[in-house]
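The values are calculated or read from the model by the stated rules, or taken from the named source; none is laboratory data. Predicted, not measured: the structure shown is a model, and the values here were computed from it. As a convention, Cβ positions derive from the backbone with ideal geometry for all residues, glycine included, and neighbour counts pool all protein chains shown.
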Amino acid sequence: MKLTNLLTSAAVALGLASGAHAADTKVGFVYVGPVGDGGWTYEHDKGRQAVEAHFGDAVETVYVESVPEGPDAERVMTQMALEGADLIFTTSFGYMDPTINVAKKFPNVKFEHATGYKTAENVSVYSARFYEGRAVQGTIAGHMTDSNVIGYIGSYPIPEVIRGINSAYIHAKKVNPDVEFKIVWAYTWFDPAKEADAAKVLIEQGADVILQHTDSTAPQAAAQNAGNVITFGQASDMSEYGPKPRVSSIIDDWAPYYITRTQAVIDGSWATSNTWDGIGAGMVGIGEISSAVPADVKEAALAMKAALADGSYHAFTGPITKQDGSVWLAEGETADDGTLAGMNFYVEGIEGDIPQ
Amino acid sequence: MIRLEKRPQPSQAWSLATPLVAVLATMIFGGLLFAILGKPPVEAIRTIFWEPLFGEFSFYYRPQLLVKGAPLVLIAIGLSLGFRAGVWNIGAEGQYIMGAIFGAGAGLAFYPMEAVYIFPIMVIAGAFGGWIWAMIPAVLRTRFGTNEILVSLMLVYVAEQFLASVSLGLLKNPEGFGFPGSRNLQSYPSAFNAELIEGSGMHWGVVAAFIAVIFAYVLLRKHMLGFHIRLTGEAPRAAKFAGVNPTRLVLFCLGTSGALAGLAGMFEVSGPAGQISIDFNVGYGFTAIIVAFLGRLHPVGIMLAGGLMALTYIGGEIAQSNLGLPAAAIQVFQGMLLFFLLALDLLTNFRIALRKPEAV
């Protein structure tokens with residue numbers, strides 16, 4: 001008997017036997033960081049807790065944290081599927097191929113992969129339009145900077161991160177033509193020591209605003225120690241660093257999505273989908289803008305948020321020129337999702353190269 | 001009064017018993033830790049040690065033990081040769097990365113051609129990648145007397161930068177929509193290090209690990225070079241008189257451990273991992289140091305230690321998912337294992353005396 005068959009039959013056997021368990025539906029979560037990271041994984045775990053709270057005894061959730069991307073992730077997913085999970089959320093880009101591999105072996109288990117692009121009969125992908133949050137962030141940052149140097153801690157040079165940089169830059173530039181971005185690549189999603197070092201380097205180079213695309217609160221602490229520097233919470237509110245350095249935040253709110261998808265599995269109506277929601281749908285939240293921000297700036301930021309939410313404004317609206325001088329979007333034209341999904345260029349004005 | 005007395009001879013019995021006592025102590029104190037965290041301790045220990053081997057889904061976990069343990073054993077065997085001779089290669093992680101880059105690079109250079117010789121070329125390239133990376137600290141030590149511990153360790157971080165660079169540039173999948181990471185070798189048959197028997201977990205890396213164990217055993221037992229390695233570690237002055245060439249020994253030890261680490265990386269990238277990505281390395285090179293010492297630097301011991309380590313990883317994940325144990329608790333548990341082993345090691349060379357010190 002081939003392993004695939006063996007695995008499938010084991011899963012089916014479990015599915016049949018699941019009536020014996022207390023909960024009828026089991027939902028698994030695979031996390032790339034620790035649940036206490038205060039950022040990315042923390043918010044996914046809040047989504048998990050929301051599922052538990054919403055469904056009570058009808059749904060059981062399980063999770064494994066700090067799972068390296070690669071064969072380990074594949075094993076953890078397989079293990080969850082074997083143990084009878086009906087729906088598995090894999091919450092990091094690097095879980096893409098492992099998710100597809102495991103999904104092939106368990107056709108009756110539904111998989112949801114965050115931030116990837118590969119779908120299958122039983123694999124959906126979902127992500128949030130974080131770049132909308134970056135537009136609000138850029139607006140505040142552009143107004144607030146005195147040195148006109150904004151530091152940006154990048155994680156990995158992947159389209160999602162580059163989108164964020166471009167969106168923040170465009171909107172900072174819009175309100176402050178003298179603004180300049182300094183970008184440091186940390187090559188990690190979560191490493192407090194590295195993130196703190198990156199923040200310190202940027203502050204030494206004159207940055208008085210630090211934007212981060214990494215998950216820990218270490219840059220916030222570094223900014224607090226440095227004094228006159230502002231930051232934004234990333235993935236989570238990070239309000240413990242408010243009202244300054246943290247003046248606002250981009251919050252990922254996965255709870256409604258996780259509840260909807262779990263409900264779909266319970267109803268038997270789950271189907272493959274490709275979800276990319278933003279501020280309007282509530283997947284991206286803007287954390288409270290603190291008292292350190294002047295009223296007029298706060299107003300401008302909230303107006304931007306409202307325009308993005310009701311769809312009257314797109315964060316990438318032309319005219320926008322690429323860094324190499326070629327025209328990307330003509331006057332009034334908005335970016336299509338395909339280009340955004342694979343964005344691998346800077347817009348005009350950002351200095352430096354995307355690491356290759 | 002409790003005193004430590006040096007034994008005239010290291011105790012053979014304790015040398016064999018300490019790993020077992022260490023495992024036992026880890027179980028007791030680990031259980032205590034789990035109990036403090038409010039988890040059922042016996043259930044947790046049972047899940048970690050029993051579930052992967054004999055549990056309901058052991059048909060899946062047993063092969064996974066081979067997959068997880070093989071790179072650890074392969075790397076640890078190489079490291080143990082050096083450790084016995086006092087050559088400290090701490091940078092196996094970097095050699096592992098370079099082996100993977102060289103191996104995958106060699107394979108992808110032929111893409112999409114299919115041929116039987118592609119995989120053997122990748123194997124050679126992988127071993128070469130690890131070997132050349134280990135030659136840097138080796139040559140620097142033999143030429144300029146640098147410290148191989150520092151150089152090999154620092155080269156891990158250099159290798160990580162290389163890994164990020166090739167993931168984003170040279171080896172990036174042209175059909176990957178701009179995302180970093182190479183093509184997946186699992187979907188390139190000539191380069192895919194597939195399971196030899198489906199569902200067994202046996203891929204070429206596992207075979208290579210077993211071969212390495214046998215070779216190391218024979219080398220250390222029967223071969224002059226093996227004798228020299230042991231002699232250098234145990235009695236450096238005697239080794240000098242016996243005509244051991246220290247330069248050759250350093251080159252051999254670092255070279256071999258580098259090549260084996262490179263092979264481990266190559267088998268991993270072409271098999272279970274499938275692709276070069278920025279986060280490809282997950283610490284096998286460092287964990288292998290623990291495995292080498294847990295196995296008393298003995299080939300058979302290393303094989304068993306690799307299995308034990310793999311067991312705690314896989315069992316630990318099951319415990320996380322089924323019992324909600326935090327990942328950090330599992331890491332503490334693994335750390336305890338090494339701690340107790342090193343602490344109890346003392347009993348090999350010392351004995352605890354309970355009598356009073358004699359009056360002078």
When the range A:333-348 is checked residue by residue, the ones that are touching an Asp or Glu at 6+ places or on another chain (Cβ under 9 Å) and among the acidic types (Asp, Glu) are A:348
Considering the range A:162-183, residues that are free of Cβ contacts under 8 Å to residues at least 60 places away in the same chain and buried (at least 22 other Cβ atoms within 10 Å of the Cβ), and then whichever is nearest to the other protein chains (Cβ to nearest Cβ), we arrive at A:164
Return yes or no: is residue A:109 closer than 23 Å to residue A:42 by Cα, more than 17 Å from the chain's Cα centre (by Cα) and touching a residue at least 24 places away in the same chain (Cβ under 8 Å)? no
Could you list, in sequence order, the residues of the range A:157-176 that are touching a Gly at 6+ places or on another chain (Cβ under 9 Å) and of a type outside the set (Gly, Ala, Ser)? A:158, A:159, A:161, A:162, A:165, A:169, A:170, A:171, A:173, A:174, A:175, A:176
Positions within the range A:72-85 being crowded, with 24+ Cβ neighbours inside 10 Å, in contact (Cβ under 8 Å) with a residue 40 or more places away in the chain and touching a helix residue (DSSP H, G or I) at 6+ places or on another chain (Cβ under 8 Å), in sequence order: A:73, A:76, A:77, A:80, A:81
Given the residues B:283, B:306, B:316, which is the only one that is in contact with a Gly (Cβ under 8 Å, 6 or more places away or on another chain) and more than 7 Å from chain A (Cβ to nearest Cβ)? B:306
Restricting attention to helices (runs of 4 or more DSSP H) lying wholly within the range B:189-258, give those where 3 or more residues are touching a residue at least 24 places away in the same chain (Cβ under 8 Å). B:204-222, B:224-234
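Yes/no per residue for (1) on the phi > 0 side of the Ramachandran plot; (2) crowded, with 16+ Cβ neighbours inside 10 Å; (3) modelled with pLDDT under 95:
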site	(1), (2), (3)
B:129	no, yes, no
B:153	no, yes, no
B:183	no, yes, yes
B:198	no, no, yes
B:201	yes, yes, yes
Determine whether residue B:322 is within 14 Å of chain A (Cβ to nearest Cβ) and out of contact with any Phe, Trp or Tyr (no Cβ under 9 Å at 6 or more places or on another chain). yes
State all residues of the range A:203-261 that are assigned to a loop (DSSP other than H, G, I, E, B) and more than 27 Å from residue A:275 (Cβ to Cβ); if no residue qualifies, say none. A:205, A:206, A:207, A:208, A:217, A:227, A:228, A:229, A:242, A:243, A:244, A:245
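To keep it simple, each residue is scored yes or no on (1) assigned to a helix (DSSP H, G or I); (2) more than 30 Å from residue B:56 (Cβ to Cβ); (3) modelled with pLDDT of 90 or more.
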| site | (1), (2), (3) |
| --- | --- |
| B:267 | yes, no, yes |
| B:275 | no, yes, yes |
| B:280 | no, yes, yes |
| B:289 | yes, yes, yes |
| B:309 | yes, no, yes |
| B:355 | no, yes, no |
Go through A:119, A:115, A:214, A:188 for me and flag whichever is at pLDDT below 95, of a type in the set (S, T, N, Q) and at positive phi. A:115
Would you list the strands (runs of 3 or more DSSP E) that sit entirely within the range A:25-137 and hold 1 or more residues that are within 22 Å of residue A:157 (Cα to Cα) and among the small types (Gly, Ala, Ser)? A:110-114, A:123-128
Spans of helices (runs of 4 or more DSSP H) in the range B:83-176 with at least 2 residues closer than 20 Å to residue B:72 by Cβ and within 14 Å of another protein chain (Cβ to nearest Cβ): B:92-109, B:148-168
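For every residue, the table says whether it meets (1) among the basic types (Lys, Arg); (2) over 30 Å from residue A:86 (Cβ atoms); (3) not in a helix (DSSP H, G or I).
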site	(1), (2), (3)
A:275	no, no, yes
A:292	no, yes, yes
A:308	no, yes, no
A:312	no, yes, yes
Residue A:87 - would you say it is more than 23 Å from residue A:215 (Cα to Cα) and facing chain B (nearest Cβ under 8 Å)? no
Tally the residues that are in contact with a Pro (Cβ under 8 Å, 6 or more places away or on another chain) and assigned to a strand (DSSP E or B), restricting the search to the range A:314-331. 2
Only residues that are in contact with a Phe, Trp or Tyr (Cβ under 7 Å, 6 or more places away or on another chain) and without any contact (Cβ under 8 Å) to a residue 60 or more places away in the chain: list them for the range B:22-44, please. B:41
Restricting attention to the range B:278-328, which residues are among the polar types (S, T, N, Q) and under 11 Å from the mean Cα position of the chain (by Cα)? B:287
Condition check: crowded, with 22+ Cβ neighbours inside 10 Å, assigned to a helix (DSSP H, G or I), out of contact with any strand residue (DSSP E or B) (no Cβ under 6 Å at 6 or more places or on another chain) and without any contact (Cβ under 8 Å) to a residue 40 or more places away in the chain. Does residue A:264 satisfy that? no
Among the residues of the range B:242-277, what is the count of those that are of a type in the set (A, V, I, L, M, F, W, C) and within 13 Å of residue B:98 (Cα to Cα)? 9
Taking the criterion of being under 22 Å from residue B:77 (Cβ atoms) and modelled with pLDDT under 95, would at least one residue in the range B:155-177 satisfy it? no
Would you be able to say whether some residue in the range A:324-332 is away from every other protein chain (no Cβ under 14 Å), surrounded by 14 or more Cβ atoms within 10 Å (Cβ to Cβ), closer than 23 Å to residue B:178 by Cβ and without any contact (Cβ under 8 Å) to a residue 60 or more places away in the chain? yes
State whether one or more residues within the range B:333-349 are more than 13 Å from chain A (Cβ to nearest Cβ), in a loop (DSSP other than H, G, I, E, B) and crowded, with 23+ Cβ neighbours inside 10 Å. no
